[in-house]
Amino acid sequence: MQRKFDKRLILSSVLILIAIPLTIAFGVVFLHDRKYYFISIAILIYTMLPFLLVFEQRGPRAREIILVCSLSAIAVIGRAAFFMLPHFKPVAAIVIISAVCLGPESGFLVGALSGFVSNFFYGQGPWTPWQMFSFGIIGFWAGVLHRKGILKLRKLDLCVFGGLSTFLIYGGLMNFDSVLMFSSTINKDLLLAAYLSGIPFDLVHAASTVLFLFFIEEPMIEKITRIRVKYGLINESELLKDS
């Protein structure tokens, strides 16, 4: 079982860590960030492939797809509900919870889908593929680390991971994207300015992720687990190290 997971993880990693970044780079360099809808759709297609790999011998059932879509919808609604508080959003927290409950592929899918759909309310633009990838990669690593037994289902562990990943991964990627959007050249001074000016916003985003994880981690994990048991989705538990 571990060997099957490792094989699937390699295939997923190639698509998520190589194919998607190359697609985003293609959009920036060759399409000049003008075809962001095309890049966003391509990312969703890439994202679905690792998700489908989870099921190997059978296709995903409707109830499994509904669960992933429901979690994405909760993330979208949560982001919209706090529109009056910039950068104070529950999206990363929900993505992390989805990943530790359902696996890295599902975590990435929830993150990417949440970023894409929520921007129909916030506005689509060249930043959309970056947000999709940023949220998705947080979910992917949360699922991988949990599967390896490194990220435990403990409030402290999840809060620490959530704060660090939101600040370093999401903030790091989005600050780099801001340089690409507003400058035709990249140098260390621009990068330094972007990252320094982004620290207050990234801290707020990271703090909100920690806060939401602190309050919703336990009830959401319990509810998702009950759904998996009730509808026969618990058969994937051998792919996870719940603790």
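The values are calculated or read from the model by the stated rules, or taken from the named source; none is laboratory data. Keep in mind that what you see is a predicted model, and the values were worked out from it rather than measured. Cβ sites come from the backbone with ideal geometry, for glycine too, and all protein chains shown count toward neighbours.
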Exercise. List every residue pair whose Cβ atoms sit under 8 Å apart, with the two residues 6 or more apart in sequence or on different chains, where the first one lies in the stretch 178-198 and is in contact (Cβ under 8 Å) with a residue 60 or more places away in the chain and of a type outside the set (Val, Ile, Thr) and the second, anywhere, is surrounded by 10 or more Cβ atoms within 10 Å (Cβ to Cβ) and not in a loop (DSSP other than H, G, I, E, B).
Key: 180/28; 181/127
Quiz item: Between residues in the stretch 138-158 that are among the β-branched types (Val, Ile, Thr) and residues that are surrounded by fewer than 18 Cβ atoms within 10 Å (Cβ to Cβ) and part of a loop (DSSP other than H, G, I, E, B), which pairs lie under 9 Å by C-beta distance while being six or more apart or on different chains?
Solution: 144/150
Practice problem: From (1) farther than 21 Å from residue 144 by Cβ; (2) part of a helix (DSSP H, G or I); (3) small (Gly, Ala, Ser); (4) at pLDDT below 90, pick out the condition that doesn't hold for residue 193. | Solution: (4)
Quiz prompt | Residue check for residue 81: closer than 18 Å to residue 210 by Cα, modelled with pLDDT of 90 or more and surrounded by fewer than 16 Cβ atoms within 10 Å (Cβ to Cβ) | solution = yes
Exercise. State which residue pairs qualify: first residue within 19 Å of residue 178 (Cβ to Cβ) and in a helix (DSSP H, G or I) and inside the stretch 15-29, second residue aliphatic (A, V, I, L, M) and at pLDDT below 90 in any location, beta carbons under 6 Å apart, and separation of 6 or more residues or different chains.
Key: 28/180
Practice problem: Just name the residue that is modelled with the lowest pLDDT out of those in the stretch 214-239 that are surrounded by fewer than 17 Cβ atoms within 10 Å (Cβ to Cβ) and outside any helix (DSSP H, G or I). | Solution: 232
Quiz item: Across the stretch 103-131, what is the number of residues that are crowded, with 21+ Cβ neighbours inside 10 Å, farther than 13 Å from residue 48 by Cα and of a type outside the set (Phe, Trp, Tyr)?
Solution: 7
Exercise. Out of 171, 162, 149, 139, report the one residue that is at pLDDT below 95, small (Gly, Ala, Ser) and under 27 Å from residue 9 (Cα atoms).
Key: 149
